[in-house]
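The values are calculated or read from the model by the stated rules, or taken from the named source; none is laboratory data. Not measured: the values here are computed from a predicted model. All Cβ positions, even for glycine, are placed from backbone atoms using ideal geometry, and neighbour counts span all protein chains on display. Each accessible area value is taken on the protein alone, full model and side chains, heavy atoms only, with ligands, DNA and RNA left out. Shrake-Rupley method; radii C 1.70, N 1.55, O 1.52, S 1.80 Å.
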Amino acid sequence: MLNFEVQNPTQIIFGSNQLEKLSSYIKKFYSGSKILIAYGSGSIESSGLMDSIEKKLLDFEVFKFKGIEANPEFSTLLKAVELIRKKNIGFILAVGGGSVIDGVKFISGAIHYKNDPWDVLLRKEGCVFTEVVPFGTILTLPATGSEANSGAVISRSELKEKRTMGGPLFFPTFSFLDPTVVSTLPKRQIANGIVDAFMHTLEQYLTYPTDNLLQEREAEGILSTLIEISDEVIRNPTSYKFAANLMWCANHALNGNLRCGVPTDWATHMIGHELTAIFGIDHARTLAIIAPRLYEVKFENKKEKLTQYGKRVWNLTGDDLAIAKEAIVKTENFFQSLGIETKISNYTKDSGHIVAEIRKRFEERGWENTGERQDLTYNEIEQIVKNAL
Ligand code: NZQ
Ligand code: ZN
């Protein structure tokens, strides 16, 4: 087992009808009175969640910031930074999915940052957020795990860029996970959530055999549970049992546990982020497009784990190599069964330039030798994207 260090300070409040505790949780982390509710395009208003939240915050002076987009935009987030500075707000409540929560992570770091915060996202030398405004979250979409991790992904559409940030300062102080929010989600977003959670697990599992037997089984448990509940939760999003299991799986898939003591890949996410930056394809769908093609191109590296995954998760039997290949097919079929298409051409007709463009971006950033064995070459990246067209 590889050495590791782990600490996850986020307090999780899981279950329905827990908002009574909201005010006391904020007071645990903030002694002032001014808080900002940051949210997306308005689903929390139409679902009634905003009303319920406001009723629980009568002890505070509440400001609101509406309009954090799916794939949160740098320029929008800067407006929230300005508002917080101007009003001297001391706590942020993020209410939404991964985009709102990621956006709030960025906002919380940018408030005390004196220079251009884009430099932090470009990871320019010496450019880091060193102080944050505390924030908590109310999750409305089980998918990213952002409610219990310290990462964020921020977009800048005028540059067609999508960049990551994070670090120990960016764990939410608390997160409310109420599975009943799934009932108002469009089927498309539920499917996205299942695939994103599935792929977070595969990124930390489909590498090479490890000695961390518990982690292997935990990953397989998440994958198997997601397969077991996927049809039901899409067909019947008001079922508490299935929604709760989706929410808990998505949380476990990226709360930091699965990476302990094992190699991780993340190349599918790196390539997928470029597809969102260039074409605006939903995050989870970019993963469904890239992952099967990446597993084919890196088959030699991954065949042992593909076989294990095929046997334990898909219950395949027979010849090991045939199982490994069939496991890739099963994975792609699973994504398609959720209504998610797995070719770039399903999303855009304008993809001719994309192969060279993505290679160029990786080259410019010096992102060679990624993946669990640090051996994914520019040529292979090009091949993966070409095969995904
Ligand atoms: O804007 P609102 O009105 O909130 O509507 C949202 C949005 O249109 C809607 N929605 C959310 N909860 C709802 C709801 N509609 C009805 N009922 C509800 N209960 O769903 C739409 C999509 O929301 P979004 O937050 O964009 O989805 P998701 O949670 O999938 O987040 C995607 C973002 O997270 C990043 C992605 O790159 C992308 O930018 N990721 C963040 C990660 C992290 N921080 O750890 C890891 C992931 O790999 C990912 O990269
Ligand atoms: Zn993801």
*asked:* For Lys34, give me every one of the aspartates and glutamates with a C-alpha distance below 12 angstrom, ignoring sequence neighbours fewer than eight places off in its own chain.
replied: Asp59, Glu61
_Among Gly126, Gly166, Gly352, residue whose mean-square fluctuation peaks in a GNM of the chain (springs only between Cα atoms under 10 Å)_ = Gly126
*asked:* Taking the alpha-carbon distance from Lys79 and a cut-off under 17 Å, which lysines remain once sequence neighbours fewer than 8 residues away in the same chain are dropped?
replied: Lys64, Lys66, Lys87, Lys105, Lys114
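For the chain, what is the percent of antiparallel DSSP beta bridges, rounded to the nearest 5?
Values: 7 of 30 bridges.
Roughly 25 percent of the DSSP beta bridges within the chain come out antiparallel.
Cβ under 10 Å from Glu203's Cβ, Glu203 left aside: what net charge do those residues give with Lys, Arg +1 and Asp, Glu -1? Present the calculation step by step, with values, prior to reporting the outcome.
On the way: positive: Arg259; negative: Asp265, Glu372.
In short, -1.
Determine the shape class of the range 260-389: with a ≥ b ≥ c the square roots of the Cα gyration tensor eigenvalues, call it rounded for a/c under 1.5, and otherwise prolate if a/b is greater than b/c, oblate otherwise. Mind dumping the intermediate values first?
Working: a/c = 2.09, a/b = 1.35, b/c = 1.55.
Oblate, since a/c reaches 1.5 and b/c is not below a/b.
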_Below 8 Å, C-alpha to C-alpha, sequence gap of six or more: please give me the relative contact order for the range 186-388 in percent._
24
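Using the heavy atoms of the protein chains and a 1.4 angstrom probe, tell me the accessible area per residue for the chain in square angstrom. Let's see the in-between values first.
Working: 16380 Å² over 389 residues.
I get 42 Å² per residue for the chain.
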*asked:* For the range 186-388, what is the number of Lys pairs with C-alpha distance below 19 angstrom, counting only pairs 8 or more positions apart or on separate chains?
replied: 20
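Tell me, what % of the accessible area of the chain is carbon and sulfur with a 1.4 angstrom probe? All intermediate terms of the calculation are to be shown ahead of the outcome.
Values: 7950 of 16380 Å².
Roughly 49 percent of what the probe reaches on the chain is carbon or sulfur.
For the chain, what is the mean residue ellipticity at 222 nm derived from helices alone (per DSSP H run of n ≥ 4: -39500 (n - 2.57); sum divided by total residues; nearest 500 deg cm²/dmol)? Mind showing how you got there, number by number?
Values: 15 runs with 187 residues, N = 389.
Rounded to the nearest 500, it is -15000 deg cm²/dmol.
May I ask you to list the GluC sites (Glu not before Pro) in the range 43-135 that are in a DSSP loop and have at most 14 other Cβ atoms within 10 Å of their Cβ?
Working: sites: Glu45, Glu54, Glu61, Glu69, Glu73, Glu82, Glu125, Glu131; in loops: Glu69, Glu125, Glu131.
Within the range 43-135, the qualifying GluC sites (Glu not before Pro) (loop, at most 14 other Cβ atoms within 10 Å) are Glu125, Glu131.
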